[in-house]
Structure formats: C-alpha cells, structure tokens
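In what follows, a structure is listed as structure tokens, so that the remarks can point back to it.
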Amino acid sequence: MKLTKLLTVLFAFVLLFNISCSSDSNEIEIPPITYQNGYFIPNEGNFNSNGANVMFLTRDLTLKQDDIYGFNNKTGNNNEILGDVLQTIAINEKYAYLVINNSNKIVVVDRITFKKVAVITEQLNNPRGIAFANGFIYVSNTNFTTGKYSVTKYKISDFSFVSKIDFTEVADRIVEAGGNVFVQNASSGFGNKITYINTSNDAKTEIPIPNGQIGRTVSYNSDVYTISGTSTDSYIYKISSTGAVSPVITLTGIANGTNLQVDNGKFYFSSGNKIYTTSVTTPIVPANSLITVADNSPSYFVLYGFSVVDGRIFTSNVKEFKANSEMTVYSAASGAKISSFNTGGLGANGAVLNP
C-alpha cells in the first residue's frame with residue numbers, strides 16, 4: 001500500500017468548516033488537531049542546510065502530515081526554522097525532545113500539540129543522543145572536528161544545566177536502564193566500549209565489548225543490549241543495569257551486525273541489506289533473513305533509517321540525501337510489506353511512537 005493521504009487535507013477541511021460555522025448563530029466548536037497515537041518520523045536534512053523537519057504518521061498508517069513543527073508556526077512556534085540535522089527524537093512524559101546536532105540545541109515540544117515549550121543550548125557540542133534518569137536529562141555530545149566528547153546533564157523540571165561529564169572517546173548513542181545511563185563509545189561501526197554512568201554520583205566505568213565493533217546499543221526491560229560485528233561474525237551482549245556484561249549469542253556467519261532493536265521479546269538487526277530476527281530468551285542463529293531490502297548503493301545508506309516498534313519494522317531509503325526519503329513499513333512478525341510513503345524531507349532516520 002502506497003500511503004498518499006495527507007492530514008493537511010483534513011486540516012484544511014476543519015479550517016473551512018470552522019469558517020462556515022462561525023457565521024451561524026449555533027457555532028460548532030471543533031477540537032484542535034493533535035499528534036497523539038502515531039509516529040514521529042525525524043528527517044535530518046542535509047548538513048548546513050537547516051532542513052530538519054518531523055513528519056507525523058497516524059498509528060493505523062492511513063494519514064500523514066509533513067513538517068509538523070513548521071505547520072505549527074501558524075499557531076505556536078513563532079515562524080521558527082527547526083534547525084540543522086535532527087539527530088534524535090525522544091519522548092519523556094508530556095514532552096518530545098528534538099536533538100538538533102549541528103544547531104547545538106534541543107527543542108522541547110509538547111508531544112501532543114508539537115508546540116515549542118523550551119530550547120536547551122547550554123554546553124551542548126554537537127549533541128547526538130538523549131536519555132532520562134532520576135529527574136535528569138543526559139545528552140551525549142561528539143564534535144568530530146575538534147575531538148571533544150562529553151555527556152551534559154540537565155534538570156527535567158526546568159531544563160537547566162547541571163554539569164558536564166568529559167569523555168576521551170566518542171559519545172554517541174545513550175540509553176537508560178535501571179536508573180543508570182550507558183553511553184556507546186562507538187559510531188558508524190568503529191569503537192568497542194560502552195561507558196556506564198552511575199547516576200547516584202555520575203561516576204564512570206568503561207565496559208569493553210569482547211568481540212567486534214559496536215553497531216547499536218539499546219535498552220530493554222531494564223537491561224542494555226548491544227550488537228557488535230566483525231567481517232565474518234556478529235555478537236549480541238547483555239549488560240545489566242549495574243554494568244555486568246554477559247554474552248547472549250554469537251551470530252556465526254552473519255557479518256558486521258548493526259541496527260539492533262528489541263520488540264515484543266525478539267531481537268531485530270541487520271547485516272548489509274538483510275534484516276534478521278531471533279528470540280531474546282532463546283536466541284538461535286537465523287538460517288535466513290526475514291527481509292531483504294533493495295541495496296541502494298553506496299552501502300552507507302542501506303537501511304540508514306531502521307526502527308522496530310509496535311510490531312512493525314520501519315526502514316528508509318535516504319536516496320543519498322539527494323531527494324526526500326522513502327520509508328517502508330513491514331510486519332515484524334512475517335516480514336510482509338505493509339506500506340510505503342515519502343517522508344517529506346531528507347535523511348529519515350527512524351520512527352518514534354507517540355502513544
């Protein structure tokens with residue numbers, strides 16, 4: 001199914017309906033359009049283009065709205081451009097946090113209306129990931145140009161800066177498990193360490209991963225899982241909320257595993273243009289891939305966007321950042337294609353559920 005229906009059409013209808021009703025003595029009040037019960041699709045935009053935007057997709061996959069932050073300029077975002085390189089979107093309680101890498105800011109919006117609430121900028125230096133623990137926001141920062149790496153900490157209550165934790169290696173993905181924070185010291189398939197931050201005192205402990213280069217680190221059921229790979233095999237490791245490492249499975253014959261996700265008790269990951277799955281509790285090496293996607297060369301762009309949520313796999317073809325991304329949705333159970341759509345921007349990097 002090719003999704004072409006736009007929420008814009010619905011919005012226009014509501015606007016016209018409001019206008020037509022306003023002249024009647026019995027005015028009908030229509031509730032405002034909101035962005036609940038659907039998915040946020042972050043479009044990074046090209047570097048130095050200020051082209052970041054967010055698409056909204058309804059949970060039944062039937063309607064979408066492009067550039068919802070820009071759409072809200074009409075009502076609540078002060079005609080602002082969102083920024084340059086939307087790295088991450090994270091949901092925490094009533095807010096969505098938009099991590100804008102090259103703009104060195106985090107835009108906080110109401111997750112239902114998508115109206116701006118606050119902007120965090122202090123001590124940010126090319127932010128990449130965000131996590132929430134014990135009343136605080138932890139943000140990973142990596143400036144590849146200057147070689148400066150850190151995690152910056154803010155209060156959730158008022159978004160004020162608290163402290164900075166310096167690193168000597170890349171600080172990329174960051175997740176919370178059991179009230180503590182774990183930072184992936186690896187990016188683009190290079191690096192084999194994770195740093196455990198005890199949030200009671202922000203003390204750091206380095207955790208070396210025994211084999212391969214880390215592809216992606218995630219949190220699931222108060223534990224952390226990471227996938228690493230070599231040119232021949234891949235490995236999944238479990239890290240407890242206190243930093244203890246244990247092997248889960250060696251994926252013999254599956255090279256350079258990356259894009260690890262966990263959903264409904266199953267691991268999902270990719271190798272090249274193939275997507276695999278296996279059980280979390282009783283993992284086995286998959287004999288075959290669940291899905292094989294088109295290999296849109298160069299290889300760096302294959303499965304650039306990859307998320308598994310709600311029993312669905314979201315993948316994106318970013319078309320070398322030369323045209324709007326095409327996102328395809330598959331069943332996580334069968335691998336069958338469900339839908340595809342234009343994301344309304346460059347560099348779609350995943351899907352985030354807004355329940």
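The values are calculated or read from the model by the stated rules, or taken from the named source; none is laboratory data. It should be emphasised that the depicted structure is a prediction, and the values quoted were computed from it without experimental measurement. With ideal geometry, Cβ positions are generated from the backbone for all residues, glycine too; neighbour counts draw on all protein chains shown. Areas reflect the complete protein model, heavy atoms only, side chains present, ligands, DNA and RNA absent. Shrake-Rupley method; radii C 1.70, N 1.55, O 1.52, S 1.80 Å.
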Q) In region 59-82, how many residues are within 19 Å of Thr328 (Cα to Cα) and surrounded by 13 or more Cβ atoms within 10 Å (Cβ to Cβ)? A) 7
**Q.** Members of region 185-233 found to be over 22 Å from Val280 (Cβ atoms), open to solvent by less than 20 Å² (accessible area, probe 1.4 Å), of a type in the set (S, T, N, Q) and in a strand (DSSP E or B), listed by number
**A.** Asn185, Ser187, Thr195
**Q.** Residue satisfying all of: in region 263-284; open to solvent by 60 Å² or more (accessible area, probe 1.4 Å) and not hydroxyl-bearing (Ser, Thr, Tyr); farthest from Gly229 (Cα to Cα) among these
**A.** Asn264
(Q) I'd like the full set of residues that are over 17 Å from the mean Cα position of the chain (by Cα) and closer than 13 Å to Gly129 by Cβ, limited to region 182-201. (A) Asn185, Ile194, Thr195, Ile197
Q: Six or more apart or on different chains, Cβ under 7 Å: which pairs go from a residue in region 244-262 that's open to solvent by 30 Å² or more (accessible area, probe 1.4 Å) to one that's assigned to a loop (DSSP other than H, G, I, E, B) and among the charged types (D, E, K, R)? Could you list them?
A: Thr250/Asp233; Thr252/Asp233; Gly253/Asp233
Q. Hey, among Val119, Val139, which residue is assigned to a strand (DSSP E or B) and more than 23 Å from Lys74 (Cβ to Cβ)?
A. Val139
Q: Quick one: which residue in Ile120, Ile100, Ile112 is of a type in the set (A, V, I, L, M) and within 29 Å of Thr205 (Cβ to Cβ)?
A: Ile120
(Q) If a residue must be over 18 Å from the mean Cα position of the chain (by Cα), among the hydrophobic types (A, V, I, L, M, F, W, C) and over 14 Å from Val352 (Cα atoms), how many such residues does region 48-75 contain? (A) 2
Q: Go over the candidates Asn46, Asn53, Asn134, Asn92 one by one and state the one that is closer than 20 Å to Val318 by Cβ, modelled with pLDDT of 95 or more and surrounded by fewer than 17 Cβ atoms within 10 Å (Cβ to Cβ).
A: Asn46
Q: State all residues of region 163-175 that are open to solvent by less than 60 Å² (accessible area, probe 1.4 Å) and either part of a strand (DSSP E or B) or not charged (D, E, K, R) (or both); if no residue qualifies, say none.
A: Ser163, Ile165, Phe167, Val170, Ala171, Ile174, Val175
Q.
Step by step: first the residues of region 234-243, then only those that are crowded, with 18+ Cβ neighbours inside 10 Å and among the β-branched types (Val, Ile, Thr), then the one that is farthest from Asp310 (Cα to Cα). Which residue is that?
A. Ile239
